[in-house]
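Nothing in this text is a laboratory measurement; each read-out follows from the coordinates by a stated rule. Please read all numbers here as calculations on a predicted model, not as lab measurements. Ideal geometry is used to build each Cβ from the backbone, glycine not excepted, and the neighbour counts take in all protein chains shown.
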Amino acid sequence: MNKRTNLVYLDNSATTQTHPCVIAEITKWMKTINNPSTNNFLSEPSRQLILFAQEYILKHCKVNNDYTVIFTSSGCESNSFIIRSTVAAYKLKYNIVPHIIISEIEHKGIIDTVNCLNNEGCLTYTMIPPNNEGIIEPNLVESAIKKNTCLISIMYANNEIGSINDIYSISNIANKNNIPYHTDAVQMFGKIAINMNSITALSASFHKFNSGNGIGLLIIKNSFIESYKLKGIINGSQQHRLRGGTESTAIIAGALKGLINNFNKRNEKNKKLSDLRKYTLDKLSSYIPIVYYTKYEQYIQSQNIMIILFGPDVSQVNKYVPNTLLITIYIKNHDICNVLLKRELERYGIIVSIGSACNTSSTNASHVIKALNVNNKLRKGVLRISFGDFNVKTDVDKFIKIFLIALNKQVPINSLLTKQIRFLNKKIRFNPHIENILTDKKPNVVRKEVIRSILKKC
């Protein structure tokens with residue numbers, strides 16, 4: 001029987017639904033002839049759009065033209081770019097094998113890039129372990145610095161746990177030692193105000209906040225580019241010769257539209273996400289006790305069943321992202337299979353994540369879970385629930401009901417299912433109005449119209 005009548009998408013840390021205003025903006029630009037690299041009047045709107053996009057992003061990061069914005073295909077490309085180009089530039093400048101510092105809980109794109117370069121003899125590296133809350137402690141980063149350390153790359157927020165690192169303390173350590181500091185801000189960019197003044201480089205990806213996939217960015221300090229004589233890994237004249245290839249005006253326009261929409265409403269959105277997170281924990285705890293991973297061993301003898309929550313205490317709101325919950329299920333004398341839980345949830349149209357966030361083919365414990373030294377029993381029941389703009393409380397209600405039913409199929413827990421849950425189906429609709437841009441105007445006029453169109457409320 002097909003149960004997928006109403007999809008409940010709870011995997012927004014992996015990707016998000018593209019906002020209708022983004023789709024409309026992309027469609028509008030797809031209907032025009034545009035190439036920002038050409039010198040005819042048809043290129044002027046796209047050229048002005050990209051200039052405005054770069055300016056807006058720098059303003060969003062509280063910096064100015066001291067930094068350069070490079071549009072890429074993804075956060076992974078941005079991460080690979082900064083690591084590979086920095087390592088290559090350092091080796092060329094100093095004629096020695098460089099050393100870099102990363103954490104054990106970085107995105108796999110960074111870890112795989114570092115491992116690849118290490119296997120090729122291009123670098124050595126140190127991986128910093130997280131504490132039991134999933135946070136990288138700055139003092140451990142400082143103690144790992146060597147004379148040939150050419151880059152420190154520690155992520156802003158972890159994509160599985162949702163824990164937030166103190167990137168400003170880490171960047172101050174890097175600056176004190178004259179070492180460039182890069183942060184993978186994929187899970188944070190567009191959701192909070194970021195001050196990049198002490199950060200050398202930052203990676204982001206637009207599909208994490210409803211702005212469409214296929215586009216990421218890298219923001220780099222100009223003084224770093226100049227001092228290292230940084231070169232791109234894709235040759236071409238575009239984007240300051242750091243990333244060749246004709247820019248996709250339509251994709252950039254859509255991404256910018258989504259960023260502005262998200263940034264203007266970030267406080268409202270973050271509160272909604274935080275409320276959904278709290279509602280989920282409160283609702284779950286009414287059925288099954290919830291304890292923190294940092295304290296769960298205290299309860300093993302007294303509790304037959306627990307939901308274990310990874311990450312910092314909920315009272316430390318500045319230490320975790322508002323939309324992510326990483327949990328595991330503990331039942332004494334029983335092993336829980338998260339693959340079976342996920343399969344049952346999907347039968348009813350409920351999408352969550354297991355294992356590594358962006359590696360859905362893997363059913364083994366992710367490198368993040370391993371870095372926390374989670375034992376084999378707890379590894380087996382890990383689920384990540386992550387909320388987005390389109391989620392409502394009834395989504396949570398449905399998830400919890402099916403989750404408990406699925407859990408009961410593996411291990412009878414009928415005594416816990418004492419409450420009736422009713423659901424309301426609610427469809428969210430958007431009807432954005434988008435203006436067309438005329439292309440036969442002078443650059444300053446075109447620029448104003450481009451900006452006006454992009455800034456138009458959704």
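Once the piece of chain linking residue 120 and residue 95 is laid out straight, how much longer is it, given 0.36 nm per residue of separation minus the C-alpha distance between them?
On the way: separation 25, 0.36 × 25 = 9.00 nm, distance 1.58 nm.
So the extension gain works out to 7.4 nm.
Dividing the C-alpha radius of gyration of the chain by 2.2 N^0.38 Å, with N its residue count, gives 1.03. Converting phi to 3J(HN,Hα) with the Karplus coefficients 6.51, -1.76 and 1.60 and the offset θ = phi - 60°, segment 223-235 yields 4, 5, 4, 6, 5, 8, 6, 4, 10, x, 9, 10, 6 Hz in sequence order, with x at every glycine or proline.
When the alpha carbon coordinates of segment 71-194 are projected onto the principal axes, the ranges are 39, 34, 25 Å, largest first. Could you sort out which of 257/319; 380/401; 93/146 sit more than 19 Å apart by Cα distance in this structure? Distance filter (> 19 Å) returns 257/319; 380/401. Cross-link partners for residue 31 among the aspartates and glutamates, with Cα-Cα distance under 19 Å and sequence neighbours closer than 8 places in the same chain left out: 44, 247, 435, 440, 449. Over the chain, DSSP H runs of length four or greater, each weighted -39,500 (n - 2.57), average out per residue to a 222 nm ellipticity of -11500 deg cm²/dmol.
Charges at C-beta only: +1 for Lys and Arg, -1 for Asp and Glu. How large is the resulting dipole of segment 15-121 about its Cα centre, in Debye rounded to 20? Before the final figure, lay out each step's value.
On the way: 9 positive and 9 negative charges, 47 e Å.
The calculated dipole for segment 15-121 is roughly 220 debye.
Could you state the orientation-averaged shadow area of the convex hull built on the Cα atoms of segment 1-62, in nm² to one decimal? Each step should come with its number before you reach the end.
On the way: hull surface 29.8 nm².
In nm², the orientation-averaged hull projection of segment 1-62 is 7.5.
Rounded to the nearest 20 debye, the dipole magnitude of the chain is 1120 debye, with +1 charges on Lys and Arg beta carbons, -1 on Asp and Glu beta carbons, and the Cα centre as origin. Averaging the Cα positions of each part gives two centres, and for segment 182-255 and segment 46-124 these lie 8 Å apart. For segment 318-335, the Karplus equation 6.51 cos²θ - 1.76 cosθ + 1.60, evaluated at θ = phi - 60°, returns couplings of 7, 10, 8, 6, x, 10, 10, 10, 10, 10, 9, 10, 10, 10, 4, 6, 9, 9 Hz by residue, with Gly and Pro reported as x.
Label separation (residue 233 vs residue 33): 3.6 nm, computed from points 7 Å beyond Cα along the C-beta direction.
Ignoring aspartates and glutamates fewer than eight residues from residue 295 along the same chain, the ones with Cα atoms less than 16 angstrom from its Cα are 133, 313.
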